[in-house]
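Each remark here refers to the structure printed beneath this line.
Each reported figure results from applying straightforward, stated rules to the coordinates on display, with no laboratory input. Quick caveat: nothing in here was measured; it's all calculated off a predicted structure. No Cβ is skipped: glycine too gets one built from the backbone with ideal geometry, and neighbour counts run over all protein chains shown.
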Amino acid sequence: TEYSPGRARAIAYANVALVKYWGKRDADLNLPDVGSISIALDALWTRTRVELDPALEQDSFELNGQIEAYGSGRVTALLKRMRSIGGSETRSRVFSQNNFPTGAGLASSASGFAALVTAADRAYGLDLSPSRLSELARIGSGSAARSIFGGYVEMHRGELPDGSDSVAEPLAAAADWPLAIVIAVSERGRKSVGSTEGMQRTAQTSPFYSAWVNNQPNDLALARTAIATRDFDALAHVSEASALALHGLAMSARPGLLYFNATTMECLHRIRRLRGRGVAVFFTVDAGPQVKAICAPEAADTVAAALEDVPGVTEILRAGLGSGAVSMDDGQ
Ligand code: PMV
């Protein structure tokens, strides 16, 4: 296998948390106050190309064919950190493509930063371990640490101030327990309050923040056991509880954070009704209005039809479980 130094490509998949991350104990390094558990989605990805160029005075970052200002500070900071690991001074051109809406609560930052560190690792010839890549991706965005791995993934809170133990780790492979994900999109714009600001406001102003942090180990243990024993009902209960607790917590910030719209709420009721009729499905919602229904693969058509029918749903995305981030030589 040939290796052309100085340029590489990578693909990484979005993930959706079943046990949610919300809250940082260190803003600079993105150290979480809680662990989290997620699944990778095969249909939502970011592809990134990194090209070193000694003639460049600054890194440049293009997202979906346009020079990107939003988020480029975090991209440059991460590249700088990776250059210092490898002892390189050479700046890069970064080209990134998402095949799904950016910044709308669909975890674009997760696949984005996982793809970036994976491509940069290869372009700069660092050859870091997946755990180190997870640590670096985390500095870009907390949830990105999980997108280094595929299938079922646990992100550890960690204890160390340098963040070296705040990394993700695989729990089970996608093939161990295949599930389907049906996403009901009801707004395509960028979310009103980003996760970083939302987390900070919540930690500073919600009277319930410490209860959230203290309860998280229980939910992580329940989800770990449900995954290990393939217990769909148990996973459904803990996942819905964690999503609702996150939103209840966010609503209890001052001023309260409202990520749901009316369509979000209607989708949650439909999913609960389907499960009441014996369909293996549960919901989760992140920092945006989109509803993610997690279901048995054989239930996916029924779930998609039910959500498509909800007024305000503009688009249905479907996915299976995805793999971890992969780098490739940039052949040419
Ligand atoms: O990775 P961030 O900083 O965008 O935070 C992600 C927060 C949630 O998506 C709401 C929850 C999660 O665990 O992914």
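Descriptive notes on the structure:
- When you filter the GluC sites (Glu not before Pro) in segment 30-132 for DSSP loop state and at most 13 other Cβ atoms inside 10 Å of their Cβ, you are left with Glu57, Glu89.
- The chain shape via C-alpha gyration tensor axes, a/c threshold 1.5: prolate
- Pairwise centroid distance, computed over Cα atoms, of segment 176-224 with segment 19-75, Å: 18
- Fewest neighbouring Cβ atoms within 10 Å first, the residues Thr225, Thr90 line up as Thr225, Thr90.
- Cβ crowding within 10 Å, taken as a proxy for footprinting-reagent exposure, orders Lys80, Lys292 from fewest neighbours to most as Lys80, Lys292.
- Nitroxide proxy distance, nm - points 7 Å out along Cα→Cβ at Glu159 and Glu308: 5.1
- Cβ-Cβ distance of Asn218 and Gln66, R₀ of 45 Å, FRET efficiency by 1/(1 + (r/R0)^6): the value works out to about 0.55.
- Counting other Cβ atoms within 10 Å as a rough exposure proxy, the listed residues Met155, Met82 run Met82, Met155 from fewest neighbours to most.
- Extension gain, Leu56 back to His269 (0.36 nm per residue minus Cα-Cα distance, nm): 71.4 nm
- The chain: most fluctuating residue of Arg81, Arg122, Arg201 per GNM, C-alpha cutoff 10 Å: Arg81
- The amide H of Leu31, built 1.01 Å from its N in the peptide plane, has Arg25, Asp26 as neighbours under 5 Å, considering only residues 5 or more places off or on other chains.
- The chain - mean residue ellipticity at 222 nm from DSSP helices (-39,500 (n - 2.57) per run, n ≥ 4, rounded to 500): -11500 deg cm²/dmol
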